[in-house]
Amino acid sequence: MSKTFWHRWGQLIAATLAVLAVVSGIAFTTTARNAAQASSGRIVISFWHSMNRPNGQLLDKIVDNFNQSQTKYKVVSQYEGSYGLAESKYINTLHTNVTPTIMQQSDIPTMTAVGDYVPIQQFVDADHYDLNQFYPGILSGFKLKGKLQSMPFNASSSVMYYNKDLFKKYGVKPLSKSPSYSEIRAAAKALTEKSKGAMKGATLQIYPWLPEQLAANQNAVVVNKDNGRTAAATSAELNTPAMQRTFARVQNMIKDGSFQNYGTGSSASVNQMAGFLAGKIGIFMQSSAAAGTIAKGAKFKWGETFTGSCGRRTG
Amino acid sequence: MTQLKHANHYFWLILVALLMSAPILIGIWASLLPTADIAAGHLTSTNISLANYVAAIQTTPVLRYMANSFIIAILITAGQLVLCTLAAYAFAFLDFRFKKQIFALFLITMMLPFEAQIIPNFQTVRTLGWLDSYAGLTIPFFASAFGVFMLRQAFLQVPNELHEYSQLIGLNHLQFLFRIVLPYSRSTIVTFVLYMFLTHWNDYLWPLITTFTDQYRTTQVGLKQLQAQDTFSNWGVIMATAILILLPTLIVLIIGQCYFRKGLNTGGLKA
């Protein structure tokens, strides 16, 4: 009886076992890889960042230099998309084989919301690292209740970029160092009208950081408890006079017909940048980190100014 | 008169064919142009060169991405081929209890889109520590209801006489499978292999959420990565990369064209 059983099913069972062997083989090499990475002599430090284009290339160079400067650690840097994307990847893979050792993030609130990180203050204290080499203003932005949460690495501020050649071509006066809102609106309108629709005067990407900056420029916060710095924020303060003024200004430019809407989502900033570099946009607001991209890609003279203000700026 | 009719037909056919292939043709053309010309909208530029392809291979990990896609597509196809063949054989030739119900259960999983299975699959792979690995990229796809269904339909067309004859001469199940069933269903098997290879070569969503380093990124995800990392300055390189990624698909399609026609038809002819 058992003989016929093996005669009939032996090969099938063997085939099934073979499949299982292949599966576990693939699985095993995977586990082995993770173990091997840790035991290759150097301590692997995985580093997730959101630096792309020239900034990303520069960061890779810094990492390479560090790796070549010593043999104890190996930093493996990996671009993980925008801050938002990298953050959600981090949250969804916490405590797994891919969790990064170090991560670059845009601001404190997002990381405190995730919670699972070691404040940099602990390392600063242990190493007696001298924080006085940083600008106090920048340092305070990364502090929570007096404790440094993350290392200021690529602190950027919002600025306005404009295409000097287009301003000249259409005879519009260049923007001042710290342009007022009415100056920006007038320039955008003049550019749009004088170019007869070949270009739009200005744009503002639908990206939360930008209105936040515009509100901050008017000494306003976007969430309560001093933007969540004195305690965890409990409510948003979006419907403030400062925010209303900000959006009324955008609305005015839309009414003037001098505003280009690049929409929202991951391709909005890309399209905005492409539009500016192709000379289709006169003025746009973006992080000062974009200067590298513009310097590399712009075939025209361009200028950089402080974020547009409403004449109420105190700082 | 008929010649005129033919000419008329061909005129419209060529027109529609050009229209349909325009995006690819424009893509190929753009991949040969310098990025500066593309950005400025000079599509009629004559500065044609292969510089973008050289740059794509030298400055981006596109070859690594392609190697990963190959490994993943081949592993999945092989895994599916083995498992689906065995499962389909059972459904086609063996008699066991609840056969119909189990087969219905298989088919039900076809109604469930992969997107709906992503969260449980992700949790499983994450817990197993398979994120960012070939295991995590391939093993969840080893079982395929579509494959079982397609092969079962093909196996059902094997004449019963052959089955009886094989029993008469004392072939066991695996001998029957390898010597008679598989050769008989060759065109379906080839279609199945090509189809699965193409499907998994083009996988996007799963590799997107389970790969975190260039070591394991596949072509489709890698292309998106390249675009995000370096968009504005290098449209030419991105187009060149896209065309490079397209090549294996085209080769597989050209080779397998006749099988595709034959194979996908057989499934529906006879149940």
Legend entry - Principal-axis tilt of helix A:2-38 within chain A, Cα atoms, nearest 10 degrees: 40 degrees
Inset, instruction - List the relative contact order of chain B as a percent without decimals, with contacts defined as Cα pairs under 8 Å and 6+ residues apart. - result: 33 percent
Inset, instruction - For every other residue with a beta carbon closer than 13 angstrom to the beta carbon of A:Lys145, add +1 if it is Lys or Arg and -1 if Asp or Glu, then tell me the sum. - result: +3
Inset, instruction - Sort out the exposed loop trypsin sites (Lys or Arg not before Pro) in chain B (DSSP loop, at most 11 other Cβ within 10 Å) and tell me the longest stretch that has none. - result: B:98-269
Inset, instruction - Sort B:His6, B:His163 so the one with the fewest other Cβ atoms within 10 Å of its own Cβ comes first. - result: B:His6, B:His163
Legend entry - Fewest-first ranking of B:Leu83, B:Leu208, using other Cβ atoms within 10 Å as the exposure measure: B:Leu208, B:Leu83
Legend entry - Fluctuation leader among A:Gly279, A:Gly265, A:Gly84 - chain A, Gaussian network, Cα springs under 10 angstrom: A:Gly265
Legend entry - region B:1-145 shape via C-alpha gyration tensor axes, a/c threshold 1.5: oblate
Legend entry - Simple spin-label estimate for A:His95 and A:Leu20 in nanometres, 7 Å along Cα-Cβ: 3.1 nm
Inset, instruction - Calculate the dipole size of chain B relative to its Cα centre from +1 charges on Lys and Arg beta carbons and -1 charges on Asp and Glu beta carbons; express the result in debye to the nearest 20. - result: 660 debye
Inset, instruction - Kindly express, to the nearest 10 degrees and within the range 0 to 90, the angle between helix A:53-69's C-alpha long axis and the longest C-alpha principal axis of chain A. - result: 50 degrees
Inset, instruction - Rounded to the nearest 500, what is the 222 nm mean residue ellipticity of the protein assembly as shown from helices alone, with -39500 (n - 2.57) per DSSP H run of 4+ residues and division by all residues? - result: -19000 deg cm²/dmol
Inset, instruction - Arrange B:His200, A:His95, B:His9 by Cβ neighbour counts within 10 Å, fewest through most, would you? - result: A:His95, B:His9, B:His200
Legend entry - Dimensionless Rg over Rh [the protein assembly as shown; C-alpha; Kirkwood]: 1.05
Inset, instruction - Could you give the DSSP H helices of chain B that reach 27 angstrom or more along their long axis (alpha carbon positions) and whose average Kyte-Doolittle hydropathy is no lower than -0.5? - result: B:2-31, B:62-93, B:235-269
Inset, instruction - May I ask for the net charge around A:Thr96, where only other residues with Cβ less than 10 Å from the Cβ of A:Thr96 are counted and Lys, Arg are +1 while Asp, Glu are -1? - result: 0
Legend entry - At R0 = 51 Å, FRET efficiency that the Cβ-Cβ distance of B:Asn47 and A:Ile13 yields, to 0.05: 0.20
Inset, instruction - Kindly state, to the nearest 0.05, the FRET efficiency for B:Val54 paired with A:Asn224, given R0 = 45 Å and r defined as their beta-carbon distance. - result: 0.20
Legend entry - Averaged over A:266-273, number of beta-carbon atoms from partner chains that fall within 10 Å: 2
Inset, instruction - Return the lysines within reach of B:Lys224: Cα separation strictly under 21 angstrom, same-chain partners fewer than 8 residues apart disregarded; answer none if there are no such residues. - result: A:Lys89
Legend entry - Expected-Rg normalisation [2.2 N^0.38 Å, Cα atoms] applied to chain A: 1.35
Inset, instruction - Note the angle between two axes, namely the Cα long axis of helix A:181-194 and the longest principal axis of the Cα atoms of chain A, as a number of degrees from 0 to 90, rounded to the nearest 10. - result: 90 degrees
Legend entry - Kirkwood-based shape ratio for chain B, expressed as Rg/Rh from alpha carbons: 1.07
Legend entry - Within straight-line cross-link reach of B:Lys5, lysines at Cα separation under 30 Å, skipping those fewer than 8 residues along the same chain: B:Lys262
Inset, instruction - Could you run the Debye sum over the Cα atoms of region B:169-251, one equal point scatterer each and no solvent, and tell me log10 of I(q)/I(0) at q = 0.11, 0.12, 0.18, 0.23 Å⁻¹, two decimals? - result: -0.49, -0.55, -0.83, -1.09
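Where a number appears in this text, it was derived from the coordinates with a stated rule and is not lab data. Bear in mind the structure is a predicted one, so any value in this text is a computation, not a measurement. Cβ atoms come from the backbone with ideal geometry, glycine included; neighbour counts cover every protein chain shown.
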